[in-house]
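What follows is a set of notes on a single structure, which appears directly below.
The values are calculated or read from the model by the stated rules, or taken from the named source; none is laboratory data. A quick note: this is a predicted structure, and the numbers were derived from the prediction, not measured. As a convention, Cβ positions derive from the backbone with ideal geometry for all residues, glycine included, and neighbour counts pool all protein chains shown. SASA here: full protein model, heavy atoms, side chains in, ligands and nucleic acids out. Shrake-Rupley method; radii C 1.70, N 1.55, O 1.52, S 1.80 Å.
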Amino acid sequence: MLNKTSGRVALCGVLAALMLVVMLFGTMIPLSTYACPALAGAISIPVIWELGAKPGCLLYLAVSILSLFMSPDKEAAFLFLFLLGWYPILRPKLQHLTKKPVRVVVKLSIFNLAICLVYALLLFVLTMPDLQAEAAHWTGLLLSGMLVLGNVTFLLYDLMLARMTDLYVYRLRPKLFPHRF
């Protein structure tokens, strides 16, 4: 099926629709502002594994643009656009770094740059009133604590991506695409 163009387009289309539905669920529950973009990014694993990084990037761009237009929760859409959508595509390349401390530092640097960019854009460019009212009460200690917890959560997200990739490769892939073995 995936040897034909129609099969590739169908796989990307179905997963794009699923990713967009997950992104739209982020508006229903307040805490899902962070969980839904992370889950949507993880859904792209089959496309990255089966078709490569280029179709994965196209899938990411399509879902990013659609979620920016369709999702009422712009914070979740920006998190997907600037971090959680493209990180699963970059992650296999980062895994080739041989020294684990270097790999962790690079991953955390990427996270910190992206998260600072997201909230700088949300606070100073889009000027979201609700987020600005909430940010008015943030102190330096609170921001530091949130950044540390964000780093820990990102490392857990990275571990979750590794586990989900293993689940896909060893359990789901042989059942979904038995002709590829």
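So here's what we get for this one:
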| read-out | value |
| --- | --- |
| Among (1) among the aliphatic types (A, V, I, L, M); (2) surrounded by 15 or more Cβ atoms within 10 Å (Cβ to Cβ); (3) more than 26 Å from Ile43 (Cα to Cα) - the single one Leu142 does not satisfy | (2) |
| Residue under evaluation Ala77, criteria (1) surrounded by 21 or more Cβ atoms within 10 Å (Cβ to Cβ); (2) modelled with pLDDT of 95 or more, criterion not met | (2) |
| Only one of Val22, Val63 that is at pLDDT 95 or above, part of a helix (DSSP H, G or I) and more than 17 Å from Leu156 (Cα to Cα) | Val63 |
| Subset of the range 139-181 that is farther than 24 Å from Leu90 by Cα and among the small types (Gly, Ala, Ser) - its residue that is modelled with the highest pLDDT | Gly145 |
| Within the range 112-139, considering residues that are assigned to a helix (DSSP H, G or I) and small (Gly, Ala, Ser), the one most open to solvent (accessible area, probe 1.4 Å) | Ala133 |
